[in-house]
């Protein structure tokens with residue numbers, strides 16, 4: 001296990017959870033700083049979705065509500081909708097993803113970030129999130145559940 005990530009091996013995949021970030025149960029990571037939250041999708045979610053070929057980015061300046069769809073990405077397998085983990089206003093969007101959506105696959109915790117939100121309730125939002133260690137345990141249980149489902153379907 002590296003100093004930077006928690007890692008879980010399942011089948012032929014290595015799933016990584018970056019330490020030092022916060023997570024929600026819907027496989028979104030976030031980094032909160034001074035009332036703003038940069039966020040993106042986790043390594044687990046991008047691997048489950050497959051190769052990203054298109055993104056539908058949120059609009060800068062738009063108001064967002066926790067639980068409402070804020071972003072989606074399309075893969076050769078499916079369209080994956082992402083709900084906002086926060087209430088707030090979109091302050092910045094990673095427009096590079098429009099031309100290079102594959103950055104979500106290549107570097108989900110770095111260059112593949114989605115947007116920066118100015119938070120309406122920073123303290124409350126931070127308390128509602130999981131630590132990297134808590135999310136890692138949740139991710140491992142999701143992997144086990146998917147493996148059980150695959151065995152039943154086979």
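Read-outs: derived from the displayed coordinates by stated rules, not from any lab. Everything quoted here is computed from the prediction, not taken from an experiment. Backbone-built Cβ (ideal geometry, glycine too); neighbour counts: all protein chains shown.
Hey, fewest Cβ within 10 Å first, where do 36, 99, 69 land in order?
Taking fewest neighbouring Cβ atoms as first place, the list is 99, 69, 36.
For the range 39-123, what does the equivalent ellipsoid look like in terms of its semi-axes, each the square root of 5 times an eigenvalue of the Cα gyration tensor, given largest first in whole Å? Intermediate values should be presented prior to the final figure.
Numbers: eigenvalues 92, 32, 26 Å².
Taking √(5λ) for each eigenvalue gives 21, 13, 11 Å, largest first.
Taking R0 as 35 Å, what's the FRET efficiency between residue 56 and residue 124 from their Cβ-Cβ distance, rounded to 0.05?
For residue 56 and residue 124, the calculated efficiency is 0.80.
Percent relative contact order of the range 22-129, based on C-alpha pairs within less than 8 angstrom and at least six residues apart?
Value for the range 22-129: 32 percent.
With n ≥ 4 as the cut-off for DSSP H runs, can you work out [θ] at 222 nm for the chain, using -39500 (n - 2.57) per run divided by the number of residues, rounded to the nearest 500?
Calculated mean residue ellipticity at 222 nm is -7500 deg cm²/dmol.
Calculate the radius of gyration of the Cα atoms of the chain to one decimal place, then report Dmax, the largest Cα-Cα distance, as a whole number, both in Å.
15.2, 49
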